[in-house]
1. Mind telling me which of the residues T118, T102 ends up being under 30 Å from A221 (Cα atoms) and hydroxyl-bearing (S, T, Y)?
2. I'd like to verify a number: residues in the range 30-52 that are farther than 28 Å from A117 by Cα and in a strand (DSSP E or B), how many?
3. Looking only at strands (runs of 3 or more DSSP E) that lie completely in the range 186-244, which have at least 1 residues being in contact with a Cys (Cβ under 6 Å, 6 or more places away or on another chain) and not aliphatic (A, V, I, L, M)?
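Computed from the coordinates by the stated procedures, all read-outs in this text should not be read as laboratory data. Nothing here was measured: the structure is a model prediction, and the numbers come from that model. Cβ placement follows ideal geometry from the backbone for every residue including glycine, while neighbour counts extend to all protein chains displayed.
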Amino acid sequence: MRILPLLLLAALASPAPALGEMFAEAIPARIGLTLAHGDSARRELAVANHGTEPIAVRVRYSDWTMDARGARTLLKPGRAVASLDGLVACEPSSFVVGPGDTGRVTVTLRMPNYGPATRWGVLLSEVRPAVAPDVSGGGAALGTTIYLSSLPPGDIRPEIDAIDVAPLGPDSLRVHVRVKNGGGRHFHAGAEVTIRDLDGTTIHSGRLPVAVVLPEFAREATFECRVRLPAGRYLAAVALDAGLPHRLEAEVAFKWPPAPSAGLAKP
């Protein structure tokens with residue numbers, strides 16, 4: 001049995017028995033909406049069966065939390081402070097999809113008049129062979145992450161909170177970056193990391209992948225590169241693209257080879 005996930009794959013207890021190859025896809029991988037307090041909206045979730053056997057699908061809601069490195073943990077509905085529990089409805093919530101066909105779900109989301117300005121959760125489309133026994137906890141789940149906010153997309157407060165440079169060997173280094181969200185709305189951000197000499201000449205550059213930064217939260221990411229630097233002083237520059245009209249930029253000077261790091265440095 002193979003599952004083609006988009007964004008989040010949550011492995012549940014014991015896998016269901018495989019009857020031939022099973023291929024499924026949940027579309028979209030992410031739903032993001034801006035709604036005023038008290039408003040609601042509808043979106044469509046599709047589960048495509050690319051396999052040769054019918055599949056049974058059950059859609060359920062789950063909370064999730066994330067650590068600074070981006071690892072997600074599923075929680076029972078209602079456990080998260082910014083939970084969407086009771087604010088998301090799916091119709092239908094269970095169905096069978098034939099080979100080469102697509103099942104469609106109407107998802108209704110509501111922004112309440114209370115609580116956090118931004119909420120998040122995930123819809124898990126649990127998939128198993130249709131002819132297999134309906135054993136609770138078996139199979140696998142395709143995740144569609146949901147973000148719901150009453151704040152406009154431009155109302156974000158990204159910040160490059162810290163940059164640290166450390167050697168990985170005589171011809172390689174890593175740049176550790178911490179991005180902070182001081183606002184009430186989530187944002188997705190990627191960054192370009194550049195190593196320059198003090199004259200401004202670029203020696204090496206690359207990108208950190210786009211990642212979500214939740215409200216009042218910090219994310220950490222590491223950029224690694226192979227580059228042989230003569231002894232001296234250099235700059236590590238970070239340009240953060242969070243969807244604003246301009247990129248946020250920060251840099252730190254470092255000595256190569258550097259002294260043992262005492263932690264992340266404020267840019």
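1. Working: T102 fails: under 30 Å from A221 (Cα atoms).
Checking each option against the conditions leaves just T118.
2. Quick first cut of the range 30-52, residues farther than 28 Å from A117 by Cα only: 47-52.
When the remaining residues are screened for being in a strand (DSSP E or B), the result is 47-49.
So the count comes out to 3.
3. On the way: elements: 187-197, 202-213, 217-226, 232-241.
Once the strands (runs of 3 or more DSSP E) in the range 186-244 are filtered for at least 1 residues that are in contact with a Cys (Cβ under 6 Å, 6 or more places away or on another chain) and not aliphatic (A, V, I, L, M), what remains is 202-213.
Results for (1) touching a residue at least 40 places away in the same chain (Cβ under 8 Å); (2) over 26 Å from G121 (Cβ atoms), shown as yes or no for each residue.
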residue: V165; (1), (2): yes, yes
residue: N181; (1), (2): no, no
residue: S205; (1), (2): no, yes
residue: P209; (1), (2): no, no
residue: F223; (1), (2): yes, yes
residue: R228; (1), (2): yes, yes
residue: A231; (1), (2): no, yes
